[in-house]
1. Identify, by number, the condition in (1) in a loop (DSSP other than H, G, I, E, B); (2) at pLDDT 90 or above that P106 doesn't meet.
2. Assuming D22 fulfils every condition listed in (1) touching a residue at least 40 places away in the same chain (Cβ under 8 Å); (2) among the charged types (D, E, K, R); (3) not in a helix (DSSP H, G or I) apart from one, which condition is it?
3. I'd like the full set of residues that are crowded, with 17+ Cβ neighbours inside 10 Å, of a type in the set (S, T, N, Q) and within 20 Å of P77 (Cα to Cα), limited to segment 10-49.
4. Which pairs turn up if I take residues in segment 1-12 that are in contact (Cβ under 8 Å) with a residue 60 or more places away in the chain and look for partners that are among the small types (G, A, S) with beta carbon separation below 6 Å, at least 6 apart in sequence or on another chain?
5. Can you pull out the residues in segment 42-65 that are closer than 26 Å to Q82 by Cβ and out of contact with any strand residue (DSSP E or B) (no Cβ under 8 Å at 6 or more places or on another chain)?
6. In segment 63-76, how many are farther than 25 Å from N32 by Cβ and assigned to a helix (DSSP H, G or I)?
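The values are calculated or read from the model by the stated rules, or taken from the named source; none is laboratory data. Please read these numbers as outputs of a predicted model, since none were measured by experiment. Because the Cβ atoms are built from the backbone with ideal geometry, glycine has one as well, and the counts that use them run over all protein chains shown.
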Amino acid sequence: MIYLLHYDKPLHHAQHYLGSCDDPQRIQDHGNGTSRARLPQVFCQLGVQFVVARTWEGGRTGERKLKNQKNARVLCPICRTQKLGIRAKQKRDRRAQRKLPFTDPPENFCRFKCAGTLLLFRHHDQASQHEKRILV
């Protein structure tokens, strides 16, 4: 069995541990700090809790393939859910920024309705020299 541990708090850059075992006792050893793996020992000494985020069928070769990808955060369903929530919030923020900052256009703008879209143009007599060249 291959397993992915997700720790509550990151330690520098590490927040996951990917391992394999035949006996589930090894996962309990990670929690007790008695396993041979150094990263779970350090997390245990710091008192950081973990969750078994995902498991796969396989052994050492499958574990090595997953470790060589160096994508534990992508493999972790907890991190993916958090990332999707952050991206959704960023998308909402970008949409809010794209909206016009005013409801009524200033007085020096003309309103035109074109195929259901409101277009705003400056009056020709109040346009700058550059804008007048474009308008002509």
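1. So P106 meets the others, but not (2).
2. (1)
3. The answer is Q15, S20.
4. I2/S20; I2/G58; I2/G62; L4/A53; H6/A53
5. Selection gives C44, Q45, G47, K65.
6. First, the residues of segment 63-76 that are farther than 25 Å from N32 by Cβ: 64-65, 68-71, 73-74.
Those still in the list that are assigned to a helix (DSSP H, G or I) too: 64-65, 68-69, 73-74.
Of the residues in that region, 6 qualify.
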